[in-house]
Amino acid sequence: MNSFSLIQQTHIQELDTEAKIYIHEDTGAEILFLSNQDENKCFGIAFRTPPQDSTGVAHILEHTVLCGSEKYPVKDPFVQLLKGSLQTFLNAFTYPDKTCYPVASQNLQDFHNLVGVYLDAVFKPRITRDFFMQEGWHYHLEEIDQPLEYKGVVYNEMKGVYSSSESVLMETSQQSLFPNTTYGLDSGGKPEIIPQLTYEAFKEFHSNFYHPSNACIVFYGDDPEEDRFRLLAEYLDSYSKIKPNSAVDLQKPFSEPTRISRPYAVSESEPNPTPMFTINWVLPTPTTAETVFSFTLLDHILLGTPASPLRKALIESGLGEDLTGGGLETHLKQMCFCVGLKGVEKKQLEKAEALIFDTLQTLATNGISEQDIHAALNSFEFELRENNSGGFPRGLALWLKSLNGWVYGADPLELIAFEKPLQQLKQQAQQPGFFEAMLQTYFIKNTHRSTVTLHPDPGLAAEIETAEKKRLATIKERMSLTELKKIQQQTVSLMQLQETPDSTEAIASLPLLNRKDLEPQIKPIDCQEQPHQEATILQHPLFTNGILYMDLGLNLNTLEEDEIPYVSLLGNLYLEMGTKNKTYTDLSQRIAITTGGIYGTPFISPHEEDSHSVHHFFFRGKCMLPRVDDLLHLFKEIFLYPTFDDPDRFKQIVLEHKSDIESSIIPRGHSAVITRLKATDHAAYTLNEKIGGIDALFFARDLLERIDTDWLTIRQKIQTIHQKIISQNGILVNLTAESSALKKVTPQVEQFVSTLPICSNHPIQLSKQTYPVSEALIVPSRINFVGAAANLYEQNYQMHGSALVISRYLQTAWLWEKIRVQGGAYGGMCAFDQRVGTFTFASYRDPNLEDSIKIYQQTGQFLKDLKLDEAELTRSLIGAIGQLDAYMLPDSKSFTNAKRRLVGYTDTKRQQLRDEVLSTTQQHFNQFGEILDAAFRNPRVAVLCDQESAARAGLKTQTIVL
């Protein structure tokens, strides 16, 4: 405590949090304490790390500091923590000008362990040349006569990033606005520039920026303050103050707008590839809440809902398929705003650009409607007061928000204490012309803007790969035999290091909880179930700070097979096509004005007890308790009075849906192959493939072609689906609020349910579909996503909770070492589906293909030969329990419990699983290996890759071009 000076203290009433800002006297390190009753304790340390080139040095360093440190000399303490802690969050992020290291845990001792390892990692890392080569880049040459290759985790990661047209567009858009600052570079690294980074420059970057004088540190939650000081003092007290050169210059304003055009890769077989573009503006610095809030609200007004005027104008124009750009960006020293369209015909580009300016000018001249302002303001306020960060810890969400101004010299509390600036915003919003003036100043008259256009180039991916091979061939030709032997030796040496396990002593240096720290009993979620006519109502009495969460699960079990693909569109059809009483614009505004939002999501799963499937589509809504009548009125409006009469609006919805799927395929390639592989094993997973997988993409494309020629048939199909699913039969109503509120709300909900019709249709049991045993899904990607699957129940495996422990161990040990560390992929994963018996493997941004499949097939033998000591077994149990006990906010907790009830996953079964997890032994690992070994002799395979990789692999695959 003596080393730290308190410079500010305040109670943030709206967050029920005591905030204290300290300065570490010797170094000037800035520390924020946010103390409250949240048991999900958080820690984060961020350094200002503006790069001077696009070699990815900040990104590579983020990876490498987690490859062992002075106190914890293991090769990868990060993965050891993933394997054996109760962490609720553990990761690291590289931004354009800062690098962040956050952790979180509900267990105090575990939290202290995580903080200690991270502090040692950032301040005393073992950033050796080998780890630089492994995580960054290196020449790979096992034999002198083989072609020279580039390898490295970050190198392959960024090849994956640059395979996504959306990523290329956003990166180019940012760089176009800041050509003379660090934002004109790529902090993640450009694949063609990464190999220019030297080990010496890499080490110097750490020396320059990873210093307490350059740090912003946070502690959040209910952990004792004296422990915080103790943990920090151990590291900070050994440093003296420096003046790091980490300031980011402001970009000099443009005197006139700029234009940039770039190619992007598309498949050579794509029939009609089209350009995409963004218009981008530089805005002020985000160092005051007043500035950030006003632009955030303007962003809500322009783009926040389907009815927002700029979004609506672009989508309804028919000039493109979907929006591009993320709207407002607040994490740079100068905020920016990016918006555009993709799927625009080349001849329509100029018209689409003009539409954006015409719309903004119309709004500025004629005024923004009060309804649009009111809707945006309510949505923004609800978001602030709810403080719902989803699966991301609240404390870390607040810290990252704070950093948006803090790293540029603002008060750390400026952007998180929201009550005062919110009230100011409300007053400003009432001033006539306030937002219109912002449009004039920062958009219409702002010459500091750019237009970025990406044009499709079917040959680009092959051209880039060919150029890389030629470059490497030229480099090799210029090397002497001595130089080649040196590279060969470095390659072999790195491979040997990667294959050498950490010593028992090194692993023992890592802090580890005891088994007694693990709670043996599950934590039941309080829930009351009551039938009402043909419906079931669940009540979850949880503290929600005056908010009601209402989930309405419509039963889909009466749908025919050809009706199932339309399920992926249900949320949009009911919420974005309007009703008999309201246009979709009026409906969107009403939702935003009176609620915290409504959205739709499918839930389709096998049942625990038998082979049948659970098919529901949930509409999830939330509101403040005084607004319950409004929420129920909205549900009644969309369920009882929808209209599906407008083919143009329907076409816009399908276009956006198709575009969303296409945009997600490469960034989420692992998900695509897993969904595809599981589709064969159960009808529920066949349906998931049809509504959320590659089949859904083909359905959307086919549907688009039929709208103009067969609209009446499509409309009738949608109407039939509507008549089947809007029914009391099998509907599940899930309510979450304080107990006293539930007593008042439930009768209102019952009355609403009574207004729904009773359906006489009989349930239909759909069948699973057989997919090819081996498939290559072809995309223009420079990197692969490799999946394999087999059904263990077909090998007579009997489900045991040890499968959870073993799966997690494989992911954080075997696959981490083989797929990531040695193979150079960004990641590898596996999972066992206890309901169906499917075991799946997948890799993410993987330079390999057939080698990864071989590793999957060798997994069984690895387990058969495995010998675990007691500490390693304990570590595995801890990680599995941490996975079971994932932290959930109230809405997530109740929704999870509702889904468990639907599939028959009772608390008795949960406890049995937990008991089996805690009783896992060495023998379970070895026996599971026997099953895996037999099952994966002939696995099902699905890979997402380019045509050349598929051909080179020589697999007997069915090829599908996406």
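Selection of the range 499-516 for residues being part of a helix (DSSP H, G or I) and either surrounded by 17 or more Cβ atoms within 10 Å (Cβ to Cβ) or at positive phi (or both) yields only Ile507.
Residues in the range 609-636 that are touching a Lys or Arg at 6+ places or on another chain (Cβ under 7 Å) and exposed (fewer than 15 other Cβ atoms within 10 Å of the Cβ): there are none.
Looking only at the range 564-576, decide whether some residue is part of a loop (DSSP other than H, G, I, E, B) and more than 19 Å from Thr896 (Cβ to Cβ). Checked against the condition, which is being part of a loop (DSSP other than H, G, I, E, B) and more than 19 Å from Thr896 (Cβ to Cβ), the range 564-576 yields no hits at all.
Here is a yes/no grid of residues against (1) modelled with pLDDT under 95; (2) over 21 Å from Val805 (Cα atoms); (3) over 25 Å from the mean Cα position of the chain (by Cα):
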site: Leu90; (1), (2), (3): no, no, no
site: Tyr95; (1), (2), (3): no, yes, no
site: Phe131; (1), (2), (3): no, yes, yes
site: Glu135; (1), (2), (3): no, yes, no
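Report yes if some residue within the range 435-442 is outside any helix (DSSP H, G or I), modelled with pLDDT of 95 or more and in the same structural domain as Thr296 (by TED's automatic domain parsing); otherwise report no. No, that holds for no residue.
Which numbered condition trips up Pro626, out of (1) part of a helix (DSSP H, G or I); (2) more than 24 Å from Thr720 (Cα to Cα); (3) within 26 Å of the chain's Cα centre (by Cα)? Pro626 satisfies every listed condition except (3).
List the helices (runs of 4 or more DSSP H) inside the range 816-930, counting only whole elements, that have at least 1 residues being over 29 Å from Gly152 (Cα atoms) and of a type in the set (A, V, I, L, M, F, W, C).
Values: elements: 850-865, 870-884, 890-903, 907-918.
Where helices (runs of 4 or more DSSP H) fall fully within the range 816-930 and carry at least 1 residues being over 29 Å from Gly152 (Cα atoms) and of a type in the set (A, V, I, L, M, F, W, C), they are 870-884, 890-903, 907-918.
Out of the range 258-288, which residues are closer than 16 Å to Met438 by Cα and not hydroxyl-bearing (Ser, Thr, Tyr)? Asn280, Trp281, Val282, Leu283, Pro284, Pro286, listed by residue number. Residue-level check: of (1) more than 25 Å from the chain's Cα centre (by Cα); (2) modelled with pLDDT of 95 or more, Gln106 misses just (1). In the set Ile674, Ile666, only one residue is surrounded by 18 or more Cβ atoms within 10 Å (Cβ to Cβ), of a type in the set (Val, Ile, Thr) and at pLDDT below 95; that residue is Ile666.
For Thr447, the conditions (1) β-branched (Val, Ile, Thr); (2) assigned to a loop (DSSP other than H, G, I, E, B); (3) under 22 Å from Ser781 (Cα atoms) all hold with the exception of (3).
Taking into account only those residues within the range 727-764 that are modelled with pLDDT under 95 and of a type in the set (Val, Ile, Thr), which is nearest to Pro626 (Cα to Cα)? It comes out as Ile758.
The set of residues in the range 950-962 being part of a loop (DSSP other than H, G, I, E, B) and within 31 Å of the chain's Cα centre (by Cα) consists of Thr957, Leu962.
So for the range 865-888 (the condition being of a type in the set (Lys, Arg), touching a residue at least 40 places away in the same chain (Cβ under 8 Å), out of contact with any Gly (no Cβ under 6 Å at 6 or more places or on another chain) and surrounded by 15 or more Cβ atoms within 10 Å (Cβ to Cβ)), does at least one residue qualify? Looking through the range 865-888, none of the residues is of a type in the set (Lys, Arg), touching a residue at least 40 places away in the same chain (Cβ under 8 Å), out of contact with any Gly (no Cβ under 6 Å at 6 or more places or on another chain) and surrounded by 15 or more Cβ atoms within 10 Å (Cβ to Cβ).
From the residues in the range 935-949 that are touching a Leu at 6+ places or on another chain (Cβ under 9 Å) and part of a helix (DSSP H, G or I), which one is modelled with the highest pLDDT? Within the range 935-949, the match that is modelled with the highest pLDDT is Ala935.
If we keep just the residues of the range 439-456 that are touching a residue at least 40 places away in the same chain (Cβ under 8 Å) and surrounded by fewer than 18 Cβ atoms within 10 Å (Cβ to Cβ), which is farthest from Ser369 (Cα to Cα)?
Within the range 439-456, the first condition is being touching a residue at least 40 places away in the same chain (Cβ under 8 Å), and the residues that meet it are 439-440, 442-444, 446-456.
Imposing the further condition that a residue be surrounded by fewer than 18 Cβ atoms within 10 Å (Cβ to Cβ) reduces the set to 440, 444, 446-447, 455.
Working: Gln440: 16, Ile444: 19, Asn446: 23, Thr447: 26, His455: 36 Å.
That would be His455.
Looking only at residues in the range 577-592 that are of a type in the set (A, V, I, L, M) and outside any loop (DSSP other than H, G, I, E, B), the one that is nearest to Thr720 (Cα to Cα) is Leu587.
Residue-by-condition table, conditions (1) assigned to a helix (DSSP H, G or I); (2) within 31 Å of the chain's Cα centre (by Cα); (3) on the phi > 0 side of the Ramachandran plot:
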| residue | (1), (2), (3) |
| --- | --- |
| Leu310 | yes, yes, no |
| Gly327 | no, yes, yes |
| Leu341 | no, yes, no |
| Ile356 | yes, yes, no |
| Thr362 | yes, no, no |
| Gln371 | yes, no, no |
| His374 | yes, yes, no |
| Phe382 | yes, yes, no |
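Among the residues of the range 538-565, those that are under 30 Å from Glu381 (Cα atoms) and among the polar types (S, T, N, Q) comprise Gln539, Thr544, Asn545. Taking the numbered list (1) in a loop (DSSP other than H, G, I, E, B); (2) under 30 Å from Thr258 (Cα atoms); (3) of a type in the set (D, E, K, R) in turn, Asp411 passes all entries but (2).
Of all residues in the range 450-489, those satisfying the criterion of being part of a helix (DSSP H, G or I) and under 27 Å from Gly343 (Cα atoms) are Leu460, Ala461, Ala462, Glu463, Ile464, Glu465. Glu14 versus (1) part of a helix (DSSP H, G or I); (2) surrounded by 19 or more Cβ atoms within 10 Å (Cβ to Cβ): which is the lone unmet condition? Failed condition: (2). Residues in the range 593-613 that are at pLDDT 95 or above and either assigned to a strand (DSSP E or B) or assigned by TED's automatic domain parsing to the domain that holds Asn378 (or both): 10 in all.
Evaluated against (1) out of contact with any strand residue (DSSP E or B) (no Cβ under 6 Å at 6 or more places or on another chain); (2) crowded, with 22+ Cβ neighbours inside 10 Å, Gly318 falls short on exactly one condition, (2).
Would you be able to say whether some residue in the range 547-569 is of a type in the set (Gly, Ala, Ser), at pLDDT 95 or above and surrounded by fewer than 20 Cβ atoms within 10 Å (Cβ to Cβ)? Before you say what the answer is, go through the steps one by one.
Taking the range 547-569 as the starting set, the residues that turn out to be of a type in the set (Gly, Ala, Ser) are 553, 568.
Now narrow it down to the ones that are at pLDDT 95 or above: 553, 568.
Imposing the further condition that a residue be surrounded by fewer than 20 Cβ atoms within 10 Å (Cβ to Cβ) reduces the set to none.
Within the range 547-569 (the criterion being of a type in the set (Gly, Ala, Ser), at pLDDT 95 or above and surrounded by fewer than 20 Cβ atoms within 10 Å (Cβ to Cβ)), the answer is no, since none of the residues qualifies.
Here Ala429, Ala473 are screened, and the one residue that is farther than 30 Å from His374 by Cβ and touching a residue at least 12 places away in the same chain (Cβ under 8 Å) is Ala473. Candidates in the range 640-685 are the residues that are touching a residue at least 24 places away in the same chain (Cβ under 8 Å) and among the basic types (Lys, Arg); of these, the one that is nearest to Pro847 (Cα to Cα) is Arg676.
The values are calculated or read from the model by the stated rules, or taken from the named source; none is laboratory data. Keep in mind the model is a prediction, meaning the values are calculated, not measured. All Cβ positions, even for glycine, are placed from backbone atoms using ideal geometry, and neighbour counts span all protein chains on display.
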